[in-house]
Amino acid sequence: MTTHYEEAGTRETTEGRVFTVTGGDWGEVVEAVAKADDERIIVNMGPQHPSTHGVLRLILEIDGETVTEARCGIGYLHTGIEKNMEFRNWVQGTTFVTRMDYLTPLFNETAYCLAVEKLLGITDQIPDRATVIRVLMMELNRISSHLVCLATGGMEIGSTTLMIYGFRDRELILDIFELVTGLRMNHAYVRPGGLAQDLPPGAVDQIREAVKLFRSRMHEYDKLATGNPVFKARLVDVGFLDLAGCLALGATGPILRATGLPNDLRKSDPYCGYENYDFEVAIADTADSYGRFLIRLEEMRQSLRIVEQCLDRLRPGPVMVADKKIAWPAQLAVGPDGMGNSLDHIRKIMGTSMEALIHHFKLVTEGFRVPVGQAYAAVESPKGELGVHVVSDGGTRPYRVHFRDPSFTNLQSMAAMCEGGQVADVIVAVAGIDPVMGGVDR
Amino acid sequence: MSDGNIPATRTEIPVEVVGNRQGMFGGRGTGDTSGFGGLVAPIVLPGPSSRPYGGWFDEVADELEGALEEQGLDPADAIEKTVIDRGELTFHVRREHLLQVSRTLRDDPALRFELCLGVSGVHYLSDPGRELHAVYHLRSITHTRLIRVEVTAPDADPHIPSVVSVYPTNDWHEREAYDFFGIVFDGHPALTRIMMPDDWLGHPQRKDYPLGGIPVEYKGAQIPAPDQRRSYT
Amino acid sequence: MGIEEKLPSGFLLTSVETAAGWVRKASLFPATFGLACCAIEMMTTGAGRYDLARFGMEVFRGSPRQADLMIVAGRVSQKMAPVLRQVYDQMANPKWVISMGVCASSGGMFNNYAIVQGVDHIVPVDIYLPGCPPRPEMLMDAILKLHDKIQHEPLGVNKRRAQELAEELALEAVPTSEMRGLLR
Ligand code: SF4
């Protein structure tokens, strides 16, 4: 039996013959579309689009200006970090996780380290000072993450000033990060067992200064945006998602709190001693983008409070567990090119103690072993519940690390928020979700 | 020593061996120069716990078992084992009953695990018949509790029922687990790849899928990809 | 008030090459191609403190057709690679590429199945900028170096000659795989 294929249409050009090739049923599809009298169009936004918050691809079916169906295409930044970690030791893992959601590096590190510490069974042995500094750095990180959210969100709706303000204030915090960790981003500062190193001299004063300065600038955001009628017109009632929708879709963080449910892991399932800090969970009852914006502003204020409490709480002491089988022997120090071994320590082990040198070498190249089992640790990142599931097979490397990234889960609610709205509102809704593609795709 | 101190019968605790560790350093090939290269130690996952579990674990387990019984399901049938490890409660559920168990966990007023925190696949290459594990974390906002539900499937038949009808949030999570591990979630509305390109071959985070790095060339030297190097685990 | 007022007879003589290079370098329009962490540093460079506007480059173009510089900021995944190439093809000549960060330059720490091991597999790169992420100052340095390169770019027959010379040199050069004892 022979099948008859219709010959593809051809035409001669100066460059040779050009064929018009059609796939299976395209002819029918085109005919059907031509007959339909409505103006349904499918629009692809991204993955390279200035206002989709990174390499996010939005597939919108629009009817005039109304979005009738919205879908996300993700995976354009899939980095295979989880797989890569299976070939590195447990400490090196922090270097990888910090690059997942690159706006919240310290949350990724802390969540990962909490899970590893749970596996090791040393949760109670983490020195107080290390925990307080973790909280301090996380809260500063929360501010910087929210600032980028406001800045990029502002830019996407055309408010360039908001962007300039956001990035200006973020620099204040990055300066602190740089002073403490040696890097502006991607710190690998929190390590299983504690911290890479203590706060450097002068850090406390600088943080106090920055907190004061930033607090005095907070009202600028209110002036610029909170009451601004244009800003409100773009945000109010856009991206609506109620409590039932949030829970069904697993949305956490500001999206969930904007429905009026004060769900915050720092209160409900405290880690790192959050139960000892005095702060309020910001909520709103509008369940829209504007509510989320207000929550982020309020959370920055609360974070400032926590930072100050941390500074008051700092007591001298070690920042790494005492167990020398886990703690890196080196005293790391910030040098001109980032963090490294302090020269004093190298001099000591090279010159005086062969055993210390061997121990150092083994621990750094081979790493420590983690008992068999699995653990889950979660922290409240600026975007929601950041959960880490780690599995160990008793070796010096993770057997499996999985990040439950809040951006990934929250982004699912995009369709529910956008369908039935205007195309321009899609941008606002996505900015209100604040997905970071590094976290979504990992 | 009195007789009372000797346990009457030795009960066999079923353990799950997921592999073997060889030598002192876990090095492969000629890596182990310690002379202990022949040592073999099994890798054993934490075994089932016995009652009482302690804390609220008993309460949750009782409620779940009671609720399943009410629905005419033998708890011992649905729940393979209950493991308490490192302060975390894990129910190992047989895959046939996953849907019913998760619905009960969500809807029973005394349980109320409203929030599912996604599914994480784990591939135990040398655990015959139970290679693929799907690990769900469920959080109860009402009672501020967290539990883990674990389901297994063999590589030869990688099917696990989808819980999207109970927890819609698992839509993307299950697609991710399918993409990376090849676990087929039956009943998922649109189980397609999510991270990798549509025409990708294989499921990259399985243990039998190579890392896929390339050797890096320096002047006069080559550094193999991380999974090809001589290393100790 | 500048040099133009001090010229003795009111006109300057130069070659078309120099003039074109000068004009081109002074009106670069970067396309936004932010991918990952590096993109945040790229945005920081455009914002307040580092102020790329000083070099007349603060306007990032959303559309590749109005841009002539692509700053590939971040890791390029296998899924993103065709998109990247398409965006590059849509840009009009002459165009330049800065590969920002180790990920874009060589794959960096992500030597695995998902990431393209260097964006130069897909598009020709003019400047490789190391760092993870590179500081905004480093990005500005890369941009200034690129300005310099554009300024001195040959045109017409000179360009052809330069290309031929470069090809000859490249053919004669020792491949990296044959270099010995230089590991440092
Ligand atoms: S080079 Fe570093 S900072 Fe830049 S994208 Fe790669 S991991 Fe992120």
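The values are calculated or read from the model by the stated rules, or taken from the named source; none is laboratory data. In this text the structure is predicted, and so the values were computed from the model without any measurement. Here the Cβ is made from the backbone with ideal geometry for all residues, glycine too, and neighbour counts use every protein chain on show. Calculation scope for accessible area: heavy atoms of the full protein, side chains included, ligands and nucleic acids excluded. Shrake-Rupley method; radii C 1.70, N 1.55, O 1.52, S 1.80 Å.
Scan the stretch A:380-391 and tell me whether some residue there is away from the ligand (no atom under 16 Å from the Cβ) and open to solvent by 10 Å² or more (accessible area, probe 1.4 Å).
Of all residues in the stretch A:380-391, those away from the ligand (no atom under 16 Å from the Cβ) come to A:380-391.
In the following step, the residues that additionally are open to solvent by 10 Å² or more (accessible area, probe 1.4 Å) were identified as none.
Among the residues of the stretch A:380-391, not one is away from the ligand (no atom under 16 Å from the Cβ) and open to solvent by 10 Å² or more (accessible area, probe 1.4 Å), which makes the answer no.
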Taking the stretch C:102-126 only, how many residues are more than 12 Å from chain B (Cβ to nearest Cβ), within 13 Å of the ligand (Cβ to nearest atom) and part of a loop (DSSP other than H, G, I, E, B)? 0
Going through the stretch B:82-102 one residue at a time, which ones are open to solvent by 30 Å² or more (accessible area, probe 1.4 Å), more than 13 Å from the chain's Cα centre (by Cα) and within 24 Å of A:Q374 (Cα to Cα)? B:I84, B:D85, B:R86, B:G87, B:E96, B:H97, B:L99
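Residue by residue through the stretch A:113-141, note down the ones that are within 14 Å of chain B (Cβ to nearest Cβ) and not polar (S, T, N, Q).
From the stretch A:113-141, those within 14 Å of chain B (Cβ to nearest Cβ) are A:114-124; that's our starting set.
Of everything in the stretch A:113-141, those that are within 14 Å of chain B (Cβ to nearest Cβ) and not polar (S, T, N, Q) turn out to be A:L114, A:A115, A:V116, A:E117, A:K118, A:L119, A:L120, A:G121, A:I122, A:D124.
So, in the stretch A:80-102, how many residues would count as being away from the ligand (no atom under 11 Å from the Cβ) and facing chain C (nearest Cβ under 7 Å)? Reasoning before the result, please.
We begin by selecting, within the stretch A:80-102, every residue away from the ligand (no atom under 11 Å from the Cβ); these are A:80, A:82-94, A:97, A:101.
Imposing the further condition that a residue be facing chain C (nearest Cβ under 7 Å) reduces the set to A:80, A:83-84.
The qualifying residues number 3.
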Taking the condition in contact with a His (Cβ under 9 Å, 6 or more places away or on another chain) and away from the ligand (no atom under 16 Å from the Cβ), does C:F11 pass? no
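For the stretch C:56-79, check the following and say yes or no: at least one residue is in a helix (DSSP H, G or I), free of Cβ contacts under 8 Å to residues at least 60 places away in the same chain, within 14 Å of chain B (Cβ to nearest Cβ) and aliphatic (A, V, I, L, M).
Step one: filter the stretch C:56-79 for residues in a helix (DSSP H, G or I), giving C:64-66.
If we keep only those that are free of Cβ contacts under 8 Å to residues at least 60 places away in the same chain too, we end up with C:64-66.
So of that shortlist, the ones also within 14 Å of chain B (Cβ to nearest Cβ) come out as none.
Taking every residue of the stretch C:56-79 in turn, none turns out to be in a helix (DSSP H, G or I), free of Cβ contacts under 8 Å to residues at least 60 places away in the same chain, within 14 Å of chain B (Cβ to nearest Cβ) and aliphatic (A, V, I, L, M).
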Taking the stretch C:80-101 and keeping residues more than 11 Å from every other protein chain (Cβ to nearest Cβ) and within 16 Å of the ligand (Cβ to nearest atom) leaves C:V97, C:I98, C:S99, C:M100
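Sort out which residues of the stretch C:62-84 are open to solvent by 20 Å² or more (accessible area, probe 1.4 Å) and under 15 Å from the mean Cα position of the chain (by Cα), and write them in order of number. Before the answer, list the steps.
Step one: filter the stretch C:62-84 for residues open to solvent by 20 Å² or more (accessible area, probe 1.4 Å), giving C:62-63, C:65-66, C:68, C:78-79, C:82-83.
Within the stretch C:62-84, just C:D68 meets the criteria.
Determine which member of the set B:P14, B:P52, B:P7 is in contact with a helix residue (DSSP H, G or I) (Cβ under 6 Å, 6 or more places away or on another chain), open to solvent by 80 Å² or more (accessible area, probe 1.4 Å) and either in a loop (DSSP other than H, G, I, E, B) or at pLDDT 75 or above (or both).
Answer to the check: B:P52.
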If you check C:D51 against the conditions, is it within 13 Å of the chain's Cα centre (by Cα), open to solvent by less than 60 Å² (accessible area, probe 1.4 Å) and not basic (K, R)? no
Go through (1) in contact with a strand residue (DSSP E or B) (Cβ under 9 Å, 6 or more places away or on another chain); (2) within 10 Å of chain A (Cβ to nearest Cβ) and name the single condition B:I183 misses. (2)
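Quick grid of which residues meet (1) buried (at least 16 other Cβ atoms within 10 Å of the Cβ); (2) touching a residue at least 24 places away in the same chain (Cβ under 8 Å):
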position: B:A41; (1), (2): no, no
position: B:P46; (1), (2): yes, yes
position: B:L68; (1), (2): yes, yes
position: B:R106; (1), (2): yes, yes
position: B:C116; (1), (2): yes, yes
position: B:L125; (1), (2): no, yes
position: B:L132; (1), (2): yes, yes
position: B:H137; (1), (2): yes, no
position: B:T142; (1), (2): no, yes
With respect to the numbered conditions (1) within 9 Å of another protein chain (Cβ to nearest Cβ); (2) part of a helix (DSSP H, G or I), which one is the sole condition not fulfilled by A:Q374? (2)
Mind listing just one residue for me: the one in the stretch C:31-47 that is near the ligand (Cβ under 10 Å from one of its atoms) and small (G, A, S) and, of those, modelled with the lowest pLDDT? C:G34
Looking only at the stretch C:127-137, and only at residues there that are more than 21 Å from B:I214 (Cα to Cα) and part of a loop (DSSP other than H, G, I, E, B), the one that is farthest from the ligand (Cβ to nearest atom): C:R135
Find the residue count for the stretch B:206-222, including only residues that are more than 9 Å from chain C (Cβ to nearest Cβ) and surrounded by 14 or more Cβ atoms within 10 Å (Cβ to Cβ). 2
Return the total of residues in the stretch A:142-170 being away from every other protein chain (no Cβ under 13 Å) and touching a Ser or Thr at 6+ places or on another chain (Cβ under 7 Å). 2
